[in-house]
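Here is the structure we will look at, set down as structure tokens.
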Amino acid sequence: MQDMQNRTLILDCKEKIGQDVVICGFVQVRRDHGKILFLDVADRSGIIQVVLGGGKGTDLRPQDVVKISGKVNKRPEHMVNKNIPTGEIEIYSEKLEVLSKAQELPFDMGGKDLDLQLPTLLDFRSLTLRHPKVKAIFKVQAAILDGFRKAAKDLGCTEIIAPTIVAGATEGGAEVFKIDYFEHKAYLSQSPQLYKQMLVPVYERVFTIAKAYRAEPSVTTRHLTEATQMDVEMGFVEFEDLLDGLEGVATKMLKIAEEEQSEDLKEFGVEKIAFGGIPRLTLREAQEVIKKEFGRDNTKEKDLTPQDETDLCKWALLKHKSDFVTVTHFPTSAKPFYTKPDPKDPEYSLSYDLLFRGVEILSGSQRINDYQQLLDSIKKRGMNPENFEMYLQAFKYGMPPEGGFSFGLERVTMHVLGLANIRQASLFPRDMERVDIRLTQNSKLKTQK
Ligand code: AMO
């Protein structure tokens with residue numbers, strides 16, 4: 001693609017030693033040495049040192065957008081910076097144009113890490129996203145998305161886009177945002193669930209990357225009110241096929257992401273992902289492991305506690321060299337209406353979660369595909385079948401045995417990178433307290449003159 005006329009990308013300067021180039025980018029850091037000014041300038045390809053002579057650039061500051069003409073020189077041996085790909089070169093320039101002037105920054109962005117409290121990091125999101133280490137989070141996230149797409153396509157899935165204005169709650173009645181829809185009530189979709197199922201008789205196998213809205217009334221490090229789900233749904237499958245499918249997609253997706261972004265991942269100092277054979281346990285078996293290995297008796301609980309999830313992953317890494325554990329057969333009553341009860345023991349369902357590095361990153365199930373059974377399940381939960389009219393049509397007119405699963409993109413990103421809070425893994429996170437700006441107090445940010 002054509003860039004600004006005559007522009008050379010910073011990384012390509014490596015091939016232009018001794019030549020005149022024009023680079024465009026953002027001032028990252030300035031260092032004054034008498035009459036000479038050293039700048040670190042970054043563009044989408046990398047970062048380079050610029051030596052500005054001739055008394056130029058005295059009023060430059062970080063984030064100024066600049067166009068610089070100069071000559072690419074080899075740096076003296078003792079000045080080589082081994083940490084960056086352009087560390088053997090620099091640009092000498094006396095010609096600089098400021099394309100856009102930045103105001104004084106509210107904090108220093110020049111360090112290797114951006115050392116800010118989370119609220120400040122988010123209050124200044126459009127600025128803090130420019131820091132190389134923050135930027136890298138979303139390069140890794142893009143690689144995860146890429147990996148998911150490739151893995152889902154390899155399964156034979158067709159990509160679909162589901163609506164997000166919907167007629168009812170699918171995943172749980174309370175945690176749904178109501179919206180005014182002309183003179184009617186509508187909801188923001190909690191999941192693309194119903195739509196991916198309706199498309200099974202059309203394409204057999206589908207995938208989607210969708211926004212999911214959850215009116216989560218609590219503030220935790222792992223919940224957002226607007227999350228991104230990566231969903232798959234497949235027809236003509238049995239329970240074991242689904243487990244193979246989800247583990248296969250998880251493995252392929254993260255292998256691709258690790259390979260594509262290996263340099264960025266190194267910056268975060270995280271261990272390489274352990275892809276040993278993924279252990280599969282029923283919920284009751286998992287709770288036995290917790291009791292035996294960690295001394296907590298949660299064997300009567302309907303779900304795993306956050307501590308159980310952490311401990312199970314510790315166990316899987318130690319015993320199976322796997323950062324993943326698949327847990328199956330959650331109680332039917334704890335799962336959404338579309339979940340298929342296990343015919344061998346209907347109190348438990350053909351459902352599963354995938355845990356990764358201590359947290360649930362995926363859940364899913366084999367679905368009820370029988371029309372009458374689905375209708376009964378809706379009614380049994382006190383829901384109104386009229387709100388599911390279009391969904392039910394799909395079952396009335398023939399639905400193969402089917403099932404699927406959904407990964408939470410931000411949770412996956414968070415745990416691939418070892419981030420402390422899910423908000424760091426969302427470009428513009430929404431929670432109870434924030435929609436871009438803080439809702440709980442007047443924004444401290446005034447438009448700076
Ligand atoms: P579930 O509700 O478990 O299942 O969601 C699937 C995955 O999405 C992520 N996730 C969230 N991430 C951040 N904040 C939230 N509030 C949030 N809620 C969910 C998690 C979770 O594992 N329709 C089913 C999936 C299916 O059966 O196919 C569903 O939505 O990583």
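Roughly what % of DSSP beta bridges within the chain run antiparallel, to the nearest 5?
Here the share of antiparallel DSSP bridges comes out near 90 percent.
What are the residues whose amide H is under 5 Å from the amide H of THR158, where those residues sit 5 or more places off or on another chain and H is modelled from the backbone?
Close amide H contacts, sequence-distant or interchain: ARG205, VAL206, PHE207.
Which one, ILE23, VAL289, LEU392, projects farthest toward the positive side of the charge dipole computed for the chain from Cβ point charges (K/R +1, D/E -1)?
Farthest towards the positive pole: ILE23.
Given H placed on each backbone N at 1.01 Å, which residues far from GLN28 in sequence or on other chains put an amide H within less than 5 Å of it?
Sorted by chain and number, the residues that satisfy this are ASP40, VAL41, ALA42, GLN63.
What is the percent carbon and sulfur in the accessible area of the stretch 306-378, measuring with a 1.4 Å probe over the protein chains and ignoring ligands?
Accessible surface attributable to carbon and sulfur in the stretch 306-378 totals 55 percent.
Long-range amide H contacts for ASP342: which residues qualify at under 5 Å (H placed 1.01 Å from N, peptide plane, sequence gap of 5 or more or a different chain)?
Those lying under 5 Å, H to H, from ASP342 are TYR348, SER349, LEU350.
Given the whole protein assembly as supplied and a 1.4 Å probe, what does the accessible area of HIS78 come to in Å², nearest 10?
Result for HIS78: roughly 150 Å² accessible.
Could you work out how far helix 306-320 tilts from the main Cα principal axis of the chain, as a 0 to 90 degree angle to the nearest 10?
So the helix axis and the longest Cα principal axis differ by about 80 degrees.
In the Gaussian network model of the chain, springs joining C-alpha atoms below 10 Å, which of ARG423, ARG31, ARG284 carries the largest mean-square fluctuation?
Answer for the Gaussian network model of the chain: ARG31.
To the nearest 10 degrees, how steeply does helix 283-294 sit against the main Cα axis of the chain, on a 0 to 90 scale?
Helix 283-294 sits roughly 60 degrees off the main axis of the chain.
Roughly how big is the stretch 1-146's charge dipole about its Cα centre, with Cβ charges of +1 (Lys, Arg) and -1 (Asp, Glu), in debye to the nearest 20?
The calculated dipole for the stretch 1-146 is roughly 120 debye.
In Å and whole numbers, how far do the C-alpha atoms of the chain stretch along each principal axis, longest first?
Its Cα atoms span 82, 57, 41 Å along the three principal axes.
Which order, highest average first, do 108-114, 386-392, 45-51 follow once you tally other Cβ atoms within 10 Å for each residue and take the mean per peptide?
Final packing ranking: 45-51, 386-392, 108-114.
Return the sequence-ordered ³J(HN,Hα) values of the stretch 214-223 in whole Hz as given by the Karplus equation 6.51 cos²θ - 1.76 cosθ + 1.60 applied to θ = phi - 60°, using x for Gly and Pro.
Listing the rounded values in order: 10, 7, 5, x, 10, 9, 10, 7, 10, 10 Hz.
May I have the convex hull volume per residue, in Å³, for the Cα set of the stretch 10-100?
Considering the Cα atoms of the stretch 10-100, their hull volume per residue is 88 Å³.
Taking +1 at the Cβ of each Lys and Arg and -1 at the Cβ of each Asp and Glu, which of ILE161, LEU129, GLY70 sits farthest along the dipole of the stretch 53-174 towards its positive end, judged by Cα position relative to the Cα centre?
With unit charges placed on the Cβ atoms, the residue in question is GLY70.
Evaluate the charge dipole of the chain about its Cα centre and quote only its size in Debye, nearest 20, assuming +1 on the Cβ of each Lys and Arg and -1 on the Cβ of each Asp and Glu.
Approximately 1220 debye in magnitude.
Rank TYR338, THR221, ASN369 by how far each Cα sits towards the positive end of the charge dipole of the chain (+1 on Lys, Arg Cβ; -1 on Asp, Glu Cβ) and give me just the farthest.
THR221
Does anyone have the angle between helix 371-380 and the longest principal axis of the chain? Alpha-carbon axes, 0 to 90°, nearest 10?
For helix 371-380, the angle is close to 80 degrees.
So, by mean Cβ neighbours within 10 angstrom, what's the order for 218-227, 250-259 with the highest one leading? All intermediate terms of the calculation are to be shown ahead of the outcome.
Details: 218-227: 16.3, 250-259: 19.5.
Descending packing order for the listed peptides: 250-259, 218-227.
Taking the Cα centre of the stretch 14-66 as origin, work out the dipole magnitude from +1 charges on Lys and Arg Cβ and -1 charges on Asp and Glu Cβ, in debye rounded to 20.
My answer is approximately 80 debye.
What does the accessible area per residue of the chain come to in Å², with a 1.4 Å probe and no ligands, DNA or RNA counted? Intermediate results must be reported in sequence, preceding the final value.
Numbers: 22760 Å² over 449 residues.
It amounts to 51 Å² per residue over the chain.
The values are calculated or read from the model by the stated rules, or taken from the named source; none is laboratory data. Everything numeric here is computed off the predicted structure, so don't read it as measured data. As a convention, Cβ positions derive from the backbone with ideal geometry for all residues, glycine included, and neighbour counts pool all protein chains shown. Accessible surface areas use protein heavy atoms only, side chains included; no ligands, DNA or RNA. Shrake-Rupley method; radii C 1.70, N 1.55, O 1.52, S 1.80 Å.
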